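Structure first, then comments.
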Number of protein chains: 2
Amino acid sequence: METLNLYNTLSRKKEVFEPIYPPNVGMYVCGPTVYGDPHLGHARPAITFDLVFRYLKFLKYKVRYVRNITDVGHLENDADEGEDKIAKKARLEQLEPMEIAQFYTDRYHKFMDALNVQRPGIEPRASGHIPEQIETIQKILDAGYAYESNGSVYFDVLKYNQDQHYGKLSGRVLDELLATTRDNLDGQHEKRNTPDFALWKKASPEHIMRWKSPWSVGFPGWHIECTAMGCKYLGDTFDIHGGGMDLLFPHHESEIAQACIANKVEPTKYWMHNNMITINGQKMGKSLGNFITLEQFFTGSHESLEKAYSPMTIRFFVLQAHYRSTLDFSNEALQSAEKGLKRLQEAKKTLQTLTHRDDASIALNPEIAKLPDNCRIAMNDDFNSPIVIANLFEAVRIINIAQDQKIQLSNADLDVLKTLFDVYYTEILGLSDESEHNNSDLVDGLMQMILDIRQQAKINKDYATSDRIRDALTALNIVVKDGKDGATWSV
Amino acid sequence: METLNLYNTLSRKKEVFEPIYPPNVGMYVCGPTVYGDPHLGHARPAITFDLVFRYLKFLKYKVRYVRNITDVGHLENDADEGEDKIAKKARLEQLEPMEIAQFYTDRYHKFMDALNVQRPGIEPRASGHIPEQIETIQKILDAGYAYESNGSVYFDVLKYNQDQHYGKLSGRVLDELLATTRDNLDGQHEKRNTPDFALWKKASPEHIMRWKSPWSVGFPGWHIECTAMGCKYLGDTFDIHGGGMDLLFPHHESEIAQACIANKVEPTKYWMHNNMITINGQKMGKSLGNFITLEQFFTGSHESLEKAYSPMTIRFFVLQAHYRSTLDFSNEALQSAEKGLKRLQEAKKTLQTLTHRDDASIALNPEIAKLPDNCRIAMNDDFNSPIVIANLFEAVRIINIAQDQKIQLSNADLDVLKTLFDVYYTEILGLSDESEHNNSDLVDGLMQMILDIRQQAKINKDYATSDRIRDALTALNIVVKDGKDGATWSV
C-alpha cells in the first residue's frame, strides 16, 4: 500500500516509483501552444498532471515541476504585401507574435486557474531559450547525428537507429515510416530520409519569429525545446515526463533521440501519457464543428452544449475516468458528473453539521475505517482517481444515513470522514466549492428577501422580528438606510 | 479639451501627445524584479501606467503595452561548498533561480490582478532575451562606445558624453559623477571611469544564472534588457517609456545612451515617471522596519497597520494623488481613502435605484452637465486622476440630494451620471466593487438569518411569512432540507 506504482509508457508496464534523487522529483510536462484559446485538449493533461503533482507533494516529495509554453509560432506576414513593403512598415504597425502568445498564455492561465490546476514551479517559454536550443543542436551536429541542409538542420533518424532504437517509446516501426513518402511537404526535399525531423529551420521571408544561429536566421524545430529546457531545469535525466498520448509520436520519440545523442543518456525514467478525449464519440476537430473551447463549456455558448458546465464539473468529469482511459464528453455524461459533484459537495457540507453521538461505539465504524486505505491504495495504483471518487461516494452514503439518524457516529468516525474529504476531495483531487465565488446576485437576492420580511414585519407591528433582523444585520456589518424609494443596504 | 497633454521628463514640460504612428501607441514600462514579494513600490507604477493604458485605449489608440520581468537574478550558490562540490550536485538538488523567479512572477500577477491592473500586451522576461541583448551590446562595441575588460563589457560614458549628453534625462552632472570614486565596488577596477556601467558581466564561479557570450560566460547588465526588448517589440523609437522616478538614474539615463549608440536614434518620445511613496513620512526600507508588502496591506498583518486595507482601497488611495506627487501612506490617510471609496461605491449603487422625475426640467441639470467635461479636461491634463475623483464626489453629492428628493433629475441627467461612473469610475480609474468577490461568509450569515426567521414564523404559525420565504428561496434556486439537527440549504 505504501508504494506508488505508475505505468511507464516506455516499459509498457506498471513500475514502482523510485525517484533518482529522493526526496527530489523532477517532472516535465508538455504545456500549451499559445496560438489559440484553451480547450478540452488542454484541460485533460493539465488536470492529469496536476493530480500527479498534488499526490507527489502529498507523499512529501520535493517536486520541481516544469511545464513549458510553446510560443515559437508559425505566424507569417501577409505575403501579398511583399517582403520590401513589410520591412518598411513600422514595427508598431506589424503583427507581433509575442502579443498573440502573451494573450493566449494569459487566457490559458485564467482557465487553468478556474479548473483549480496548480501552477508549475517553472514555466519556461520556448522563445526564451533560443541559446540553449542552439547549443543542444550543436551537440547533436558535433556528434554526427544531424546534418545541415540549405540553412536548416535535420536529425538523422536512420543513423541514430543504427545503434539505438527510434520507436522504442511509441512502438512505431521505422521501415513503415520510411515507406511513407510525403514529397514537398515540410522541407521534404532538404531531408536525406523521410523520418528525419527538423532541429532548426531557416525562416522563409514571411516568417515573423526568427533568430540568428550558426546555420541561418530561423527558428528551432518543435521537439528541441523540450530537450533543451528539460535538461536545463531538471538535469540530463529526470524522473517523470508527461503529456498527452498524441505527443507520443513524433514529439516524445524524437525528444528521446535528441537527448540520447546530445546528453548521451536517457532523458526520462518514467514516461506518462494521458489518453485522448472525444466528443459524442468523435475526435474533436475544427472541421467537425465539435471544437469546444473551455470558455464555451463554462458559459454554455456552443450549439452542441445544452447548458453551461462549471469548471469544477469539468475537472470532476475528467477525474472520474482513469487518465489512461479515453474520455467521451456528452451533455448526458456532463450532467451526470454535475449531479455527482453536487452530491459530494452537499455531503461535505452536511458533514460539518453532524454531531457525534455519545452512545456510539468507541471503535471506528469498519465501513468508515477502510475508506482512507482504499483511497491511498487507489492513488498508489497509477493514480486511480475514479476509485478514489467511488470511495468518496461511499462516504456520502454513510454521511446521509448518519444525517437521517439511522447510524451512530463517534467523534473518531467523524474525524476520519472529515480528514478523508480534506485530503482526497480538496488536497489531492483538487475539487473546490464553487459557490464561494461570484455569488453577488445571491447576496442581492437574499438581502432583498430580508428587507421585504423586515418591511412586512414593520407593517404587522411584529417588532420582535424586525428587531431580530436589525441585530443580525448589524452582526454581519450590514447597514440599512431607509429612503423614500425604499430601503438600501451596504456592507 | 480634446488634446491629451503629458509631462515629458525629458523636456521637463507638458507636451501635446502626438504618437509617432497614429493610431498606434507603443508604451514600455519597467516591470518588477521578481526576487521578492510585491510591495507598495510595485503598486504605484503599475497603477499609474494602468491609468495611462486605460485612458489611451479610451481615446481609441491601439496601444502595444510592454512591461518587462527582470528575472536575471543575482542568486549565488553557497560559496562554502566550493565550486567542485556544487558542480557535482545533481541539478535537482541545486537552487534553481527560475523557480524563485516564477514564484514571484506569479505572486506579482496575483496582486496586480487584485489591484485591477490590466495585463500588458507583452511581458518579456530578461532571461528570455539573451541573444537580443548580446546583439545590442555587440552593436555598441562595434560603434566604439564600449570596451571589454576581463570578460566583462562596459559602456564608455565619457566617450559618449563627448558628442551626446549623459544626464539629459536625469539632470545629473557628469563631473560630479566622476568625482565620486567608489573603489573596489561593482567591478570598479575593471572600469576606465567611475560612471561607466556594465553591459555584460563575467559570472563569478558561484553566480548561478549564466549564459555564453562572445566575451565570457556571464549575464547581461541591468540596463541593456530594456533597450533590447523595447526595440524588439516597439521599434527603435517608441512613444512612451514609463517607470518610477527612482529609475531615472542610472537606469533610464543609461537606456538612452545605449539606444542612441546601438540604434542611432532617441529611444523614446515621451518619458513618464511616477513619484515615490513614503510611509508615515519616511522612505520605505527593510532596515527601517516599515517595509510592507501588498499581502500585508491586504491582510493587515504588519505591526504598523491598524487594520487590513482592501486592494481597491490601495488603488483608490494611489489614484487620489497625482502620479507626479509624492504619496505618503499612513493608517489615517488609508482609512480616509477607504471611507471616500465607500461613499463612491454607495452612490454608484444608489444611482441604479434612482428614478427620473417626469416633472424634472428637460434641459440637463447644468451641475451634472459639466462633470464629464471636467473629468475629460483633468485626464487630458497629464492624467490628473485626483481632479477626476473630486468630480465623482461632486456627482455623489448630487446623487445623495436626489435620493433625499431635494432635486429632480430627468432621464437625461441620470444617463449622464451613469455614464460618468461607467467611464471614469470603472473604465478609466479601474475601480471595482469588491463585495462581488469572496462573500461566502456573508451568504452563510444571511441564510442563517433567513432560516431563523422561517423557524420562528413556523413556531408562531405565521404561515404567510414562511410561505413567502419558501417562494423567494425557490426563486433563488435555494433548496432547504429540514433535518433533526436543524435545516440545511444548498444552491
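Within the range B:235-263, being open to solvent by 10 Å² or more (accessible area, probe 1.4 Å) and touching an Asp or Glu at 6+ places or on another chain (Cβ under 8 Å) holds for B:237, B:260, B:263. Residues in the range A:349-381 that are open to solvent by 80 Å² or more (accessible area, probe 1.4 Å) and among the hydroxyl-bearing types (Ser, Thr, Tyr): A:355 only. Inspection of the range B:438-450 identifies no residue that is of a type in the set (D, E, K, R) and in contact with a helix residue (DSSP H, G or I) (Cβ under 7 Å, 6 or more places away or on another chain). Just one residue in the set A:414, A:371, A:420, A:364 is touching a residue at least 40 places away in the same chain (Cβ under 8 Å) and within 14 Å of chain B (Cβ to nearest Cβ); that residue is A:414. In the range A:264-290, the residue that is nearest to residue A:245 (Cα to Cα) out of those that are open to solvent by 70 Å² or more (accessible area, probe 1.4 Å) and modelled with pLDDT under 95 is A:283.
Only one of the numbered conditions (1) within 13 Å of chain B (Cβ to nearest Cβ); (2) surrounded by fewer than 23 Cβ atoms within 10 Å (Cβ to Cβ) is violated by residue A:161, and that is (1).
Taken together, A:24, A:5 contain a single residue that is within 14 Å of chain B (Cβ to nearest Cβ) and touching a residue at least 12 places away in the same chain (Cβ under 8 Å), which is A:24.
On inspection, residue B:394 passes the criterion of being in a helix (DSSP H, G or I) and within 16 Å of residue B:320 (Cα to Cα).
Within the range A:448-491, the residues that satisfy the criterion of being more than 8 Å from chain B (Cβ to nearest Cβ) and part of a strand (DSSP E or B) are A:479, A:480, A:481, A:482, A:487, A:489. Only one of the numbered conditions (1) open to solvent by 20 Å² or more (accessible area, probe 1.4 Å); (2) away from chain A (no Cβ under 12 Å); (3) charged (D, E, K, R) is not met by residue B:50, and that is (1). Scanning the range B:351-389 for residues that are touching an Asp or Glu at 6+ places or on another chain (Cβ under 9 Å), β-branched (Val, Ile, Thr) and modelled with pLDDT under 95 yields B:353, B:355. On the given criteria, is residue B:352 within 14 Å of chain A (Cβ to nearest Cβ) and not acidic (Asp, Glu)? So residue B:352 passes the test.
From the list A:87, A:43, the lone residue that is of a type in the set (A, V, I, L, M, F, W, C) and over 30 Å from residue A:266 (Cα atoms) is A:87. When you scan the range A:125-143, do you find a residue that is surrounded by fewer than 23 Cβ atoms within 10 Å (Cβ to Cβ), touching a Phe, Trp or Tyr at 6+ places or on another chain (Cβ under 9 Å) and assigned to a strand (DSSP E or B), even just one? Checked the range A:125-143: no residue is surrounded by fewer than 23 Cβ atoms within 10 Å (Cβ to Cβ), touching a Phe, Trp or Tyr at 6+ places or on another chain (Cβ under 9 Å) and assigned to a strand (DSSP E or B).
The lone criterion from (1) surrounded by fewer than 17 Cβ atoms within 10 Å (Cβ to Cβ); (2) at pLDDT 95 or above; (3) within 23 Å of the chain's Cα centre (by Cα) left unmet by residue A:341 is number (1). When the range B:201-229 is limited to residues that are assigned to a strand (DSSP E or B) and more than 14 Å from every other protein chain (Cβ to nearest Cβ), the one that is most open to solvent (accessible area, probe 1.4 Å) turns out to be B:202. Exactly one residue among A:313, A:299, A:326, A:293 is open to solvent by 70 Å² or more (accessible area, probe 1.4 Å), within 17 Å of the chain's Cα centre (by Cα) and not aliphatic (A, V, I, L, M), and that residue is A:326.
For (1) open to solvent by 20 Å² or more (accessible area, probe 1.4 Å); (2) in contact with a Ser or Thr (Cβ under 9 Å, 6 or more places away or on another chain); (3) at pLDDT 85 or above, each residue gets a yes or a no:
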| residue | (1), (2), (3) |
| --- | --- |
| A:421 | no, no, yes |
| A:427 | yes, no, yes |
| A:436 | yes, yes, no |
| A:440 | yes, yes, no |
| A:448 | yes, no, no |
| A:456 | yes, yes, no |
| A:478 | no, yes, no |
| A:481 | yes, yes, no |
| A:485 | yes, yes, no |
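Screening residue B:198 on (1) assigned to a loop (DSSP other than H, G, I, E, B); (2) open to solvent by less than 30 Å² (accessible area, probe 1.4 Å) shows it passes everything except condition (1). Once the range A:85-117 is narrowed to residues that are within 15 Å of the chain's Cα centre (by Cα) and within 10 Å of chain B (Cβ to nearest Cβ), the residue that is farthest from residue B:21 (Cα to Cα) is A:113. Does residue B:232 fit the bill of being open to solvent by 10 Å² or more (accessible area, probe 1.4 Å), out of contact with any Lys or Arg (no Cβ under 9 Å at 6 or more places or on another chain) and modelled with pLDDT of 95 or more? No, not satisfied. In a residue-by-residue description of the range B:64-73, the property of being within 14 Å of another protein chain (Cβ to nearest Cβ) and open to solvent by 40 Å² or more (accessible area, probe 1.4 Å) applies to no position.
The values are calculated or read from the model by the stated rules, or taken from the named source; none is laboratory data. These numbers were taken from a predicted model, which means no experiment stands behind them. Counting neighbours? That spans all protein chains shown, and the Cβs are built from the backbone with ideal geometry, glycine included. Heads up: the accessible areas ignore ligands, DNA and RNA and are worked out on the full protein's heavy atoms, side chains in. Shrake-Rupley method; radii C 1.70, N 1.55, O 1.52, S 1.80 Å.
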